[in-house]
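Taking it in order: structure first as structure tokens, then the write-up.
The values are calculated or read from the model by the stated rules, or taken from the named source; none is laboratory data. Being a predicted model, the structure only gives us computed values, none of them experimental. Cβ placement follows ideal geometry from the backbone for every residue including glycine, while neighbour counts extend to all protein chains displayed. When the accessible area is computed, the model is the full protein with side chains, heavy atoms only, and any ligands, DNA or RNA have been set aside. Shrake-Rupley method; radii C 1.70, N 1.55, O 1.52, S 1.80 Å.
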Amino acid sequence: MKINGGIRYCEKGLTASLRAMHVQSELIGMYNENVTGFDKIGYQRKDPIVSSFTEYIGIHGLSQTIDDKVGRIAMSDNPLDLALANKGYFQTQTAEGVKLTRDGRFKLDKSGNLLTLEDGQVLSNAGTPIKLPIVPEKIEDVKVNAKGMVSVLNRKTNKFEQAGCIGVVDTNGVLVMDPQVKQGYNEYSNVALQNEFISMMPVIRNFEANRQIFMIQNQNLQKVISQLGTTS
């Protein structure tokens, strides 16, 4: 006696074409999100990942990873705009908890607290909010060095007083020892538009191919149904 074993997978062509178009639409959406984020400060490119079984399980086989390469750094007119020349993230305290961001556009409130544009508190490497010991007369009196140490000029004593060191961490929450903070700069996205369009083209072609196959199968199915109706 001979026993044969194995896995056989059979499904209708219409279903396979629809699933493929759904997956390709999701991929196009991911690339479009990167294109949209090209000029966003602090945006990091999303890299789509297609698993081995996406052909059978559809969009559930798709996932994303974050491209953590440093983006384009450009000079800013605001001394409280900070950019990271190395990998890492600023820690901010929000109503939803601690969040990580590479958007270093900060501001000061009337009490001297260092805040994000959304009023989240910027945290130090000790995990506490950064607050200046004195409110500066001019925003230019605030200095941030490459390590992230924030100081403010006391014009009465003509000396700088330290407010704390900005906490820059990696994705695991470990402090980055050399974040290379650049004061007066913004970091734009790490998206290269030409690469996004090149990556999108084969996906669009596959979508169109599956669309054509779907239409052919649908027309053939309609003919069969029509002929069956005539013969009956």
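Does Ser63 satisfy being open to solvent by 50 Å² or more (accessible area, probe 1.4 Å) and out of contact with any strand residue (DSSP E or B) (no Cβ under 8 Å at 6 or more places or on another chain)? The answer is no for Ser63. Residues that are open to solvent by less than 70 Å² (accessible area, probe 1.4 Å) and more than 20 Å from Asp103 (Cα to Cα) within the range 119-144 comprise Leu132, Pro133, Ile134, Pro136, Asp141, listed in sequence order.
Close Cβ contacts (under 6 Å, 6 or more residues apart or on different chains) running from residues in the range 63-85 that are of a type in the set (Gly, Ala, Ser) to residues that are assigned to a strand (DSSP E or B) and open to solvent by less than 50 Å² (accessible area, probe 1.4 Å) comprise Gly71/Glu187; Ala74/Asn186; Ser76/Asn186; Ala83/Asn186; Ala83/Glu187. Looking across the range 66-108, the residues that are open to solvent by 30 Å² or more (accessible area, probe 1.4 Å) and touching a helix residue (DSSP H, G or I) at 6+ places or on another chain (Cβ under 8 Å) come down to Asn78, Leu108.
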